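Q: Sending over a structure as structure tokens; questions will come in a sec.
The values are calculated or read from the model by the stated rules, or taken from the named source; none is laboratory data. A quick note: this is a predicted structure, and the numbers were derived from the prediction, not measured. Reconstructed Cβ throughout: ideal geometry from the backbone, glycine too, with neighbour counts over all protein chains shown.
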Amino acid sequence: MLIDLHAHSSVSDGTDSPAELVVAAAAAGLDVVALTDHDTTAGWDRALAAAPPGLRVLPGAEVSTTAVGAAGTPITVHLLAYLFDPASPALVAEQTRLRAERRSRLRQMVARMVADGLPVDERSVFDGLDADAPAGRPHLARALVRARVVGSVDEAFEHHLRDGGPYHVRRADTPLLDAVRMIADAGGVTVLAHAYAGRRGAIIGDDTVAALAAAGLAGLEVDHPEHDADARARLRSLATDLSLVVTGGSDYHGANKRTALGAETTAPSAFDELLTRVPQRPRWPPKRNPGVPTGTSG
Ligand code: AMP
Ligand code: FE
Ligand code: FE
Ligand code: ZN
């Protein structure tokens with residue numbers, strides 16, 4: 001039983017369409033794949049409709065949130081959310097705001113680059129994207145690659161786009177605890193994504209994780225490509241202390257990252273436990289999606 005609970009399609013900053021993603025997931029031998037595009041549920045219908053027999057698609061999202069760090073500095077935190085009602089008015093409003101915020105922040109980053117004489121413009125970043133798509137730095141990275149400013153997406157992050165880098169502009173994301181509650185109110189379940197991926201910038205402390213657990217967080221993403229063995233061991237023990245479910249996911253982004261679907265997985269027993277923590281039977285997905293949320297055994 002292979003379960004990958006973290007994957008992105010071209011609806012956000014991956015490169016496979018939702019239909020291509022689920023076909024690739026089945027080809028990779030997965031039994032369950034979660035679609036977790038950033039701040040949108042726009043790919044759910046297409047992924048569910050295209051799921052090959054035998055593959056279960058868990059509808060989800062990766063929510064952009066912000067926490068307050070030690071010196072009062074903001075810390076970006078990603079929250080994986082599953083099986084929530086995509087029509088929840090509070091959630092729809094906040095995700096719509098976030099997607100607009102993503103765009104205006106990227107426009108500011110482009111303006112800084114243009115001021116420095118770099119050969120990019122808004123069109124080269126946003127062309128081909130839906131007007132309401134959750135645009136992100138990977139789109140700008142690809143524009144920089146196409147303009148031959150850098151040789152790869154990785155290089156673009158290293159030199160131009162990383163947090164605190166010369167062109168980085170922060171977003172106004174959802175306060176972390178608000179996001180946990182908003183997903184719970186929408187009937188969904190939350191897992192803290194790549195909590196110890198320090199390469200991306202500052203990370204939250206264990207005290208904040210404990211506060212999240214008290215607010216209803218269900219799980220910790222332990223097995224993630226950006227966690228080394230030490231980070232995994234510490235997170236596993238934190239999960240035990242806080243009674244949180246241990247999950248794993250590849251954070252697949254198609255050609256925008258090098259990780260393959262199924263490169264990191266969730267244990268079937270952990271997946272079952274996660275489903276038992278879904279606060280209410282979701283109105284979504286409709287019954288035709290087999291096995292969600294009944295678990296791997298039932
Ligand atoms: P944004 O959502 O615009 O802040 O951009 C963050 C996204 O960029 C993440 O979701 C990843 O998909 C991607 N990302 C972050 N760091 C890197 C990196 N070093 N190389 C490639 N992609 C990255
Ligand atoms: Fe991403
Ligand atoms: Fe993330
Ligand atoms: Zn992700």
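Q: Restricting attention to region 1-29, which residues are hydrophobic (A, V, I, L, M, F, W, C) and either within 14 Å of ligand 1 (Cβ to nearest atom) or part of a strand (DSSP E or B) (or both)?
A: Narrowing region 1-29 to residues hydrophobic (A, V, I, L, M, F, W, C): 1-3, 5, 7, 11, 19, 21-28.
Hits for region 1-29 are 3, 7, 11.
Q: On to the next question. Could you check region 30-41 and list, in sequence order, the residues that are surrounded by 21 or more Cβ atoms within 10 Å (Cβ to Cβ) and assigned to a loop (DSSP other than H, G, I, E, B)?
A: 30, 36, 37, 39, 40, 41
Q: Answer yes or no: is there a residue in region 22-29 that is within 14 Å of ligand 3 (Cβ to nearest atom) and buried (at least 24 other Cβ atoms within 10 Å of the Cβ). Step through it out loud before you land on a result.
A: First pass over region 22-29, keeping only residues within 14 Å of ligand 3 (Cβ to nearest atom): none.
Looking for residues that are within 14 Å of ligand 3 (Cβ to nearest atom) and buried (at least 24 other Cβ atoms within 10 Å of the Cβ), one finds none in region 22-29, hence no.
Q: Could you go through region 230-243 and let me know if any residue there is crowded, with 24+ Cβ neighbours inside 10 Å and among the small types (Gly, Ala, Ser).
A: No, region 230-243 contains no residue that is crowded, with 24+ Cβ neighbours inside 10 Å and among the small types (Gly, Ala, Ser).
Q: Just wondering, is there one or more residues in region 56-72 that are at pLDDT below 95 and either within 16 Å of ligand 3 (Cβ to nearest atom) or touching a strand residue (DSSP E or B) at 6+ places or on another chain (Cβ under 7 Å) (or both)?
A: yes
Q: Among the residues of region 44-57, is there at least one that is part of a strand (DSSP E or B) and of a type outside the set (Val, Ile, Thr)?
A: yes
Q: Give the residues of region 134-147 that are in contact (Cβ under 8 Å) with a residue 12 or more places away in the chain and more than 17 Å from the chain's Cα centre (by Cα), sorted by residue number.
A: 140, 141, 142, 143, 144, 146, 147
Q: Since residue 4 meets every condition but one in (1) closer than 22 Å to residue 176 by Cβ; (2) within 16 Å of ligand 2 (Cβ to nearest atom), which condition does it not meet?
A: The one condition residue 4 does not meet is (1).
Q: Out of all the residues in region 106-133, which are within 15 Å of ligand 1 (Cβ to nearest atom) and under 21 Å from the mean Cα position of the chain (by Cα)?
A: 106, 125, 126, 129, 133
Q: Going through 56, 103, 46 one at a time, which residue ends up being within 16 Å of ligand 1 (Cβ to nearest atom) and among the charged types (D, E, K, R)?
A: None of the others qualify; the one that does is 103.
Q: Let me ask something else. If you check every pair at least six apart or on different chains, which have Cβ atoms under 7 Å apart with a residue in region 180-199 that is under 13 Å from residue 60 (Cβ atoms) and within 12 Å of ligand 3 (Cβ to nearest atom) first and a residue that is assigned to a strand (DSSP E or B) and aliphatic (A, V, I, L, M) second?
A: Sorted first by the residue in region 180-199, then by its partner, the pairs are 191/80; 191/220; 193/79; 193/80.
Q: Follow-up question, since we're still on this one. For region 94-133, give me each residue that is without any contact (Cβ under 8 Å) to a residue 60 or more places away in the chain and either on the phi > 0 side of the Ramachandran plot or of a type in the set (Gly, Ala, Ser) (or both).
A: Within region 94-133, 100, 104, 111, 115, 117, 124, 128, 131 qualify.
Q: Out of the residues in region 71-94 that are within 17 Å of residue 164 (Cα to Cα) and over 18 Å from the mean Cα position of the chain (by Cα), which is surrounded by the most Cβ atoms within 10 Å (Cβ to Cβ)?
A: Step by step, filter region 71-94, then rank; the result is 74.
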